[in-house]
C-alpha cells in the first residue's frame, strides 16, 4: 500500500483537520467545521479518495482513562478477561480499548492495563458515517495521547517522568508519562479555544503538576520534565519562566526544526495548522492503541487482504521473471559452451587426421599391430621354460655321460593339472607349477645295464638336489627292474631296447 493515498483526520468538538499522505509526502487538505457546509465540503473531498484507508485521531474532553492491574494470563483467557472488564469499565461504550502498560514489580507480576473509552462519540460519529458513505475504509480510530506516545518514543527523553504539552484545534493537550507509559491526559478550555482565546499554558502546566501530586500519580517533590511542542517557536521564554517559578519542573520547548525532524515533514508545513505534527506522526505508523471495533474496520481488513494478495502475486511474478531470465541466460551460456566444445572437437579431429596422414605407411593395419602387441605382452607375461632347462643343464654337467634325446616342458595350468597338488611324503614340496618330461640315454653304452642304471640314478640324484625341483619320477628304464617280472620278459624287453634309454618326469616348484 505504498502508492495508495492515506487519509489522516483529526477530530475535535467543532472541526476536523484532514491531510493525505502518499509515498511519504504529507499534504494538508483543509479544515472543516462541524456544520452542514463543512460536512458537504468534506464529502466532496472524499470523492477523490474513494477506497483509501483512513486513520482518525479524536481529541475530546469525553475521553476516559482508567489504570487497573489484572492477573497475568495468556491466550483466550486473557482476551475474555479484557473484554469482560472493558465492558464493565467503559459501560459498553462504542469506542474503547485496553492498552497494555507493562507488568508490576511485585511477586505476582500482574499486568497493568490502561482502559480508554469515548463516553460521548457524537462528534466523531457523523464524520465516520461520511467516510462509510463515500467508500473510505477506516483503518484505525485512536486518541491524541496514543499518538503522543509515539512522539515520546521518537523524542526518547532521559527523564523517567515526562509531560508532553501540545496545542491543537480542540485545545491544549497535557499528557503525563511515567517511564514511557501513559498515566494521565487532559484537554483544557475547549470553549475558550472555540472563541479564539489561547489558554494560559504556564497556568495549565502548574495545575496539572498539582493534580498529579494530589492524586499520588507522581512521587512528591519528584522532578518532572515538561516538553512543550512549539511549531511557531514562541515558547522559549515561557519555558524559562516556568523553570524559574517551579523548581520541580524542567521545561523545554521543542522548536519547529526538531519537531519537523520528529514528525518527518517540512518545517514550513508545521506553521499552517496546529494539528499538522500529530497528523504527520499518525501517518508514519500505527498508533499505540485502536479504539475502533471490528465492524468499523472490516472494510480496511478486506482492503489490506486484497493488497497483500496483489503484492504476493506481484512478488511471485517478479520472482518468476527473474528466475526465467536467469535460466535463459544460463541456457545461452551452455549453448555457447556446447558450440565452442564442438568446434574444439572438430579442430582436434582435423589435427588427428592430418597427423595420421603424415605417418609412414605400415605393412599391416593398426588393428593387426594392436593384436601383435597384445600377443607379445601375453607371451612375456607367461611362465618361461628357460630357467627350468638351466636347472636340468646343471644336473647334466654333473653327469656328462647322460645324453638328451627329448625335452617336453608343460605348464600344469594348461596341460598337466594332475600334478598341481602333488606332494611327496617327507619332503616339504609346496605347490607344483610345471612338469618337464625328459628322455635320454646313457652314452657309450656297452651292454652293461648295471653300470647304466647307476649313471641314471646319479643323474636323478643330481636333479633332486636342485632347490627348484620338487620331485623326479622315473617313467622308463633301459630294463624292467620290477621284481615281479620273469626272466623271459626281462630278456625280451632288453632285446627290444635300442640302447640304455630312459624317461623321467621332473616336477618343478611354483614361482613365488
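What follows draws every value from the coordinates through simple rules; no lab data is involved. As the structure is a computational prediction, the values presented were derived from the model and not from experiment. With ideal geometry, Cβ positions are generated from the backbone for all residues, glycine too; neighbour counts draw on all protein chains shown.
Descriptive notes on the structure:
- Highest to lowest packing among 388-397, 73-82, scored as the average C-beta count within 10 Å: 388-397, 73-82
- Per-selection Rg to Rh, the stretch 14-120 - Cα, Kirkwood hydrodynamic radius: 1.13
- Estimated FRET transfer efficiency when R0 is 51 angstrom, pair residue 248-residue 80 (beta carbons, to 0.05): 0.75
- Scattering from the stretch 297-353 was approximated by placing one identical point on each alpha carbon and applying the Debye formula without solvent; log10 I(q)/I(0) at 0.13, 0.22, 0.23 1/Å stands at -0.59, -0.84, -0.87.
- Calculated FRET value between residue 304 and residue 234, using beta carbons and R₀ = 35 Å, to 0.05: 0.30
- Volume per residue of the C-alpha convex hull in the stretch 30-184, rounded to whole Å³: 142 Å³
- Label-point separation in nm, residue 372 to residue 357, each point 7 Å along Cα→Cβ: 2.6 nm
- Size of the chain as Cα extents on the principal axes (Å, biggest first): 168, 68, 45
- Projecting label points 7 angstrom from Cα along Cα→Cβ for residue 126 and residue 346 puts them 8.8 nm apart.
- A full extension of the chain between residue 403 and residue 48 corresponds to an added length of 114.7 nm, given 0.36 nm per residue minus the alpha carbon distance.
- Three-way shape label, the stretch 37-83, alpha-carbon gyration tensor, a/c 1.5: oblate
- Mean Cβ neighbour count within 10 Å, used as a protection proxy, ranking 335-345, 399-409, 468-478 highest first: 468-478, 399-409, 335-345
- Rounded FRET efficiency, nearest 0.05, which uses the C-beta distance separating residue 69 from residue 221 and R0 of 30 Å: 0.75
- Gain on full stretching of the segment that runs from residue 25 to residue 439 - 0.36 nm per residue minus C-alpha separation: 137.0 nm
- Point-to-point label distance, residue 474-residue 156, nm (Cα→Cβ direction, 7 Å offset): 11.8 nm
- If the convex hull is drawn through the Cα atoms of the stretch 257-415, its volume per residue in Å³: 556 Å³
- Direction-averaged projected area, Cα convex hull, the stretch 48-108: 6.8 nm², rounded to one decimal.
- Antiparallel %, DSSP beta bridges [both residues in the chain], to 5: 75 percent
- Helix-only arithmetic for the chain: the sum of -39500 (n - 2.57) across DSSP H runs with n ≥ 4, divided by the residue total, places the mean residue ellipticity at 222 nm at -14000 deg cm²/dmol.
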